[in-house]
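In what follows, a structure is listed as structure tokens, so that the remarks can point back to it.
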Amino acid sequence: MGNRLRRIAVLTSVALFVGLLGPAASAHPPAADPQAGHPQGAHSTAAQPRTVVLDGGRLQQTKVRLQHGDPRLRAAVAKLTGRADKWLDQGPWTVVDKPRPAPSGDVHDYLSQAPYWWPSRSPTADNPWGCPYVQRDGERNPEVDTGTDRLDLEKVFDSSYDLALAWHYTGKRRYAEKAAQVLRTWFLASDTRMNPHLNHAQFIPCKYDGRAIGIIDFSQSYTAVLDAVAILESGAPAWTGVDRVGMRQWNSDFLDWLRTSDFGRQEEAAANNHGTFYDLLVAGLASATGEKDLARRTVRDAATRRVDPQIAADGSQPQELARTRSWHYSTFDLVAYTRLAAIGQHVGVDLWRHRGPDGQSLFKAVRYLLPAATGRAVWPHPELEFRRFAASDVVHAAADAGDRAARQAVPLLEEPPGGDLWALRPAAEQLDSITG
């Protein structure tokens, strides 16, 4: 930890010097034509993004194909920019805006409420929450969307990713500026920043002030933010050296909390998707903060710690099949696995090729979904709301990794709402998120 802090201190000094000189002195100069409608000129020479999950070289190649008029990519970019445009007049969001602080009393502490816990009694003056709360798995309590930071956090994650990608492919300055504003407000500005811990995530009224499983509020999506930052660092005019170092410090502090806190240790020990997503978050943060050995070790160990015990010989995921939303959680866990495998490709670990003692593998897990994903068979397990498109991204990921069955299934997949953006951001997302 000491060596990392010394590196951060040196980088901070350099970044402050760069910030005083202004944007022109940064390592990534701004585009010469900031509002250009086509990625050309100075923007086309931006550095290859040093992304964590996404393949930065592939993003660059896709941009070149777009410049040469690929009609399929143009259509996809139109869908992407349509999403990005909707974010331009929203936010920025901050943890200090919630109506009441977390149990700590610090408005900078993130707060969310357990989604599947409900009051068992009608609220009264003596019992305003209606306690005790009881669990109803898979049934989302609408209370969790009011009074906490959860929905705003999702907007931060989604908007920064969409906006950074839109800037990458179009070169339009307004996308980068908005993404920078969103990230700076939530993570960096002293008056509005979030403290780098999750001590009060998924609290249960009258029961727990926070829970280890609340880490999934971040682990399910934060690696997309790491990629958004990496894209901005490739030459976005609105992202400064001070911003770069500030985000690296925040990520370093957050990683330390994940690895040393009681909540972090509990989530690391989880035997279902929570453990897989914990590994994804740790590996992603380690990669983003320069701790490549930790990232490599985390992906490598996931083969025997996660794949072997969590995936059965037939490719099913018994822990996820036991849920009332078995289809959702089966695809959800594979989002974590396929993104973790993508990080592995960057650090020299091939998680896709791993075979467990009973033949367990990520390929088998994806193949288990193919009959329902292609509409050829009914999903034979409990599911409160089956959405076929939820599997589309993980099937794409397996196809890209070389699985023949997945490649044959791609043309039969159901397009997600808002269009299939795989060609622009080839890394799996949870397409049917129930925010919990």
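The values are calculated or read from the model by the stated rules, or taken from the named source; none is laboratory data. Predicted, not measured: the structure shown is a model, and the values here were computed from it. Don't worry about glycine lacking a Cβ; one is built from the backbone with ideal geometry, like all the others, and counts go over all protein chains shown. The accessibility values were calculated without ligands, DNA or RNA, using every heavy atom of the protein model including side chains. Shrake-Rupley method; radii C 1.70, N 1.55, O 1.52, S 1.80 Å.
Cβ separations smaller than 8 Å between residues 6+ apart or across chains give the following pairs from segment 56-80 residues that are small (Gly, Ala, Ser) to residues that are buried (at least 16 other Cβ atoms within 10 Å of the Cβ) and assigned to a helix (DSSP H, G or I): 56/230.
Residue check, residue 62 against (1) modelled with pLDDT of 90 or more; (2) open to solvent by 10 Å² or more (accessible area, probe 1.4 Å); (3) closer than 30 Å to residue 288 by Cβ, all met but one. Which one? Every condition holds for residue 62 apart from (2).
Filtering 148, 124 for residues that are in a loop (DSSP other than H, G, I, E, B), closer than 25 Å to residue 250 by Cβ and not acidic (Asp, Glu) leaves a single hit, 148.
Put simply, of 349, 282 the only residue that is in a loop (DSSP other than H, G, I, E, B) and crowded, with 22+ Cβ neighbours inside 10 Å is 349. Output the residues belonging to segment 82-111 that are open to solvent by less than 60 Å² (accessible area, probe 1.4 Å), touching a strand residue (DSSP E or B) at 6+ places or on another chain (Cβ under 9 Å) and at pLDDT below 95. Of everything in segment 82-111, just one residue is open to solvent by less than 60 Å² (accessible area, probe 1.4 Å), touching a strand residue (DSSP E or B) at 6+ places or on another chain (Cβ under 9 Å) and at pLDDT below 95, namely 102.
The single condition from (1) buried (at least 17 other Cβ atoms within 10 Å of the Cβ); (2) assigned to a helix (DSSP H, G or I) that residue 79 fails is (1).
Has segment 378-398 got at least one residue that is open to solvent by 10 Å² or more (accessible area, probe 1.4 Å) and within 30 Å of residue 292 (Cα to Cα)? Yes: segment 378-398 contains one or more residues that are open to solvent by 10 Å² or more (accessible area, probe 1.4 Å) and within 30 Å of residue 292 (Cα to Cα).
Do you know which of the residues in segment 187-210 that are crowded, with 22+ Cβ neighbours inside 10 Å and in contact with a Ser or Thr (Cβ under 6 Å, 6 or more places away or on another chain) is nearest to residue 129 (Cα to Cα)? Among those that are crowded, with 22+ Cβ neighbours inside 10 Å and in contact with a Ser or Thr (Cβ under 6 Å, 6 or more places away or on another chain), it is 202.
Of all residues in segment 308-324, those that are closer than 20 Å to residue 433 by Cα and open to solvent by less than 10 Å² (accessible area, probe 1.4 Å) total 2.
Among the residues making up segment 211-243, those that are surrounded by fewer than 23 Cβ atoms within 10 Å (Cβ to Cβ), modelled with pLDDT of 95 or more and farther than 25 Å from residue 429 by Cα are 240, 242, 243.
Filtering segment 76-131 to residues that are more than 20 Å from the chain's Cα centre (by Cα) and aromatic (Phe, Trp, Tyr) leaves 116, 117, 118, 129.
Can you confirm whether residue 289 is buried (at least 19 other Cβ atoms within 10 Å of the Cβ), more than 25 Å from residue 405 (Cβ to Cβ) and in contact (Cβ under 8 Å) with a residue 60 or more places away in the chain? In short, yes.
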